[in-house]
Amino acid sequence: MSLTGTPFLYTTIVLAVVALILPLVLWSRLRGPRALRTAARVLMLLFAQGTAVTLIFVLVNNQNNLYDNWADLLGTGNHVQQAQDLGSDGTGGIAVKRLPKVRQTFSAAEGPGMHAAGGVKVTQLKGRVSGVNAEVYVWLPPQYNEPAYRNKKFPVVELLPGYPGSAKAWFGSMKAHEQLLPLMRSGQVAPFILVAPRTNLLAGVDTGCANIPGQVNADTWLSIDVPKMVTDNFRAEPAPQGWAVAGYSAGAHCAVKLAVAHPDRYRAAVSLSGYNDPIGERNSLAAQNPVLRNENNPYLLLRKAAVPPRIALYISGESGDGYQAGVALEAIAKAPTTVHVVFLPHSAGGHNMALWRPQVDTVFRWLTLQMGQNHARGQDRSLTGGTGSLTGNAAGTTGTPGTTPRSPSTGGSTRAELASGTASRAGAARKP
């Protein structure tokens, strides 16, 4: 029985009800020795408590899509078949564009939200370069199958969850496709193909979207194998012009890191409550030694770049949870790199879906503007009309132009923390 399926939810509800009724009916009717009756009553109480805790866990898991299946929950899942040293570019010397096309078989995805807004498709992808074997979810915009668009190629956004987190989260918990469907139909948002690949590839650890020889090639999985599959099977625009990546929490860190590291693969990235230093996630493999940690810190990558990458970054967060990371990147950005930082007050919702879900509308309007556009002076002014940051309202979806508040911009952090983007570590450690 699927961990996130409706049958399991209904089963836990029935068991919780039965566990509540049993003591009411049998408590005074038990017969036999006193010790046996006492043991039976204790077992009934434990059963009631156990089913109640299980039901709460299932409800929370379905709401936040933390664990996709039993293997993820129990820490027995491993989606890495091999992890060779693929070199600095993550290709291992393979001419990716020359690889033959592989047609994937897609089926209707199951779980909360998967059948909404036209339905989400899923396929099991064996990464030919990364050595990863995992599922990838795809949602097609309403225009995709319309006759008028039969020759059109569509832009793509890769969607990354936090850790722990299911690839389904952007559809099940964030309801991105449900929110975007009417906006795409009305022309307010571009008709993006949404792609959500599995990021939880090894049991009990966050890959940090890094390539680590002998352990995992998560970067290559996300930036090479998944895009290759999408362009092989759908009318998708080529990289980098037609590709963006978005994430929340640990997925936000990955999104910015992938865009900064691979401007030849992505044009834009969105970070919701992310961080720069991989140590922001205590279980990150990318933080296991100083070399890996530096190689996967987007702040350091951007600062060391010989040529500023032609990418646009959207970074939102509260003070101590994503905001400082954005300020640090904005401070070093040089054209054609643009950084748009959104300050959110603590009243906006905290490090959870209540903060991130309402931002989907704004984020995709921004992506619609940014895909293919360039801006001067390293600051994106498309949403503020003159400032490099935005003061968000409690919902986190709209804002008014204004200067960044001085106190929240520091949040008690040292100058060194602000410069490196590690000031968000404490907040980033709070996982939904």
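In region 122-166, how many are of a type in the set (S, T, Y) and assigned to a loop (DSSP other than H, G, I, E, B)? Write out each step before concluding.
First, pick out the residues of region 122-166 that are of a type in the set (S, T, Y): 123, 130, 137, 144, 149, 163, 166.
If we keep only those that are assigned to a loop (DSSP other than H, G, I, E, B) as well, we get 130, 144, 163, 166.
Going through region 122-166 one residue at a time, the tally reaches 4.
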Might you let me know whether region 102-109 holds any residue that is polar (S, T, N, Q) and touching a residue at least 24 places away in the same chain (Cβ under 8 Å)? yes
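Out of curiosity, is P164 touching a residue at least 60 places away in the same chain (Cβ under 8 Å), touching a Phe, Trp or Tyr at 6+ places or on another chain (Cβ under 8 Å) and either of a type outside the set (S, T, N, Q) or open to solvent by less than 10 Å² (accessible area, probe 1.4 Å) (or both)? Before the answer, list the steps.
Numbers: touching a residue at least 60 places away in the same chain (Cβ under 8 Å): yes; touching a Phe, Trp or Tyr at 6+ places or on another chain (Cβ under 8 Å): yes; either of a type outside the set (S, T, N, Q) or open to solvent by less than 10 Å² (accessible area, probe 1.4 Å) (or both): yes.
So P164 fits the description; yes.
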Give me the pairs: first residue in region 240-262 and farther than 16 Å from V342 by Cα and open to solvent by less than 10 Å² (accessible area, probe 1.4 Å), second residue among the acidic types (D, E) and modelled with pLDDT under 95, beta-carbon distance under 6 Å, and six or more apart or on different chains, which are they? A250/D206; A250/E281
Single residue of region 95-130 satisfying the filter (of a type in the set (V, I, T) and loosely packed, with under 15 Cβ neighbours inside 10 Å) that is farthest from G214 (Cα to Cα): T105
Residue by residue through region 168-205, note down the ones that are within 17 Å of Q81 (Cα to Cα) and either crowded, with 17+ Cβ neighbours inside 10 Å or of a type in the set (K, R) (or both). P197, R198, T199, N200, L201, L202, V205
When (1) out of contact with any Leu (no Cβ under 9 Å at 6 or more places or on another chain); (2) of a type in the set (G, A, S); (3) farther than 30 Å from G131 by Cα are applied to A116, the one that fails is (1)
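Here is a check on your reading of the model: is I279 under 15 Å from C209 (Cβ atoms) and surrounded by fewer than 22 Cβ atoms within 10 Å (Cβ to Cβ)?
Details: under 15 Å from C209 (Cβ atoms): yes; surrounded by fewer than 22 Cβ atoms within 10 Å (Cβ to Cβ): yes.
For I279, the condition - under 15 Å from C209 (Cβ atoms) and surrounded by fewer than 22 Cβ atoms within 10 Å (Cβ to Cβ) - is met.
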Looking at region 283-299, which of its residues are open to solvent by less than 30 Å² (accessible area, probe 1.4 Å), part of a helix (DSSP H, G or I) and either under 11 Å from L329 (Cβ atoms) or β-branched (V, I, T) (or both)? P298, Y299
What pairs come up if the first residue lies in region 5-19 and is assigned to a loop (DSSP other than H, G, I, E, B), the second is open to solvent by 50 Å² or more (accessible area, probe 1.4 Å) and among the charged types (D, E, K, R), and their beta carbons are under 7 Å apart, counting only those six or more places apart or on different chains? G5/E110
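If only one of V260, V245, V291 is of a type outside the set (K, R) and farther than 20 Å from A325 by Cβ, which one is it?
Working: V260 fails: farther than 20 Å from A325 by Cβ; V245 fails: farther than 20 Å from A325 by Cβ.
Answer to the selection: V291.
The values are calculated or read from the model by the stated rules, or taken from the named source; none is laboratory data. Small disclaimer: the values here were computed from a predicted structure and weren't measured. For neighbour counting, all protein chains shown are included, and Cβ atoms are generated from backbone atoms with ideal geometry for every residue, glycine included. Keep in mind that these areas ignore ligands, DNA and RNA; they rest on the heavy atoms of the full protein, side chains included. Shrake-Rupley method; radii C 1.70, N 1.55, O 1.52, S 1.80 Å.
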